[in-house]
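Contents: one structure, followed by commentary.
No value in this document is a laboratory result; all are computed from the given coordinates. Computed from a predicted structure; not experimentally measured. Virtual Cβ from ideal backbone geometry, glycine too; neighbours counted across all protein chains shown.
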Amino acid sequence: MPALLDTNRKKKRRVISDLLVIFLMTVLPFILLPYSFAIAIAPNSIVHNFNAADNSNFALDQSNLLHQIHFMILLLNLSACIGLFVGSSAKAIWGFKISPAYAIISPFGATFLVVAYVTNIFSLIMRIKRNGKSVVWQDRKYLLG
């Protein structure tokens, strides 16, 4: 029986937490990338207002430090995205011996599969709650619990 359908709550929580961690590790850099671009490239109005009010070296140093931190966050986010993309493409080329053209496109297909799997898992969980903890598989009804 799949671990997600098991009646043991600790095992079910462990599977769900593992799926959530893997999902966030692979998807979160791509979700945060537009935000990182916006923060690093767009001028921060609070810092500019602060500099306009006080033209001291301390204010300029703080502004430069803040800009460097935002730029470093952008570089780290870009490196995580590129690393995930290159790693999955390299695994596809050398591990599965597929064409480099297909390997470059494979992360997009993997994203599609992850979304499909997650939606199916959620629909299965919701169906179990509605049907009173039963699962229909190959025209047979299995009761959980």
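Some notes on this structure:
- Panel order for ARG140, ARG13, by other beta carbons found within 10 Å of each beta carbon, from fewest to most: ARG140, ARG13.
- Exposure proxy order (Cβ contacts within 10 Å, fewest to most) of THR26, THR119, THR111: THR119, THR111, THR26
- Extending 7 Å from Cα along the Cβ direction at TRP94 and again at GLN68 yields two label points whose distance is 3.6 nm.
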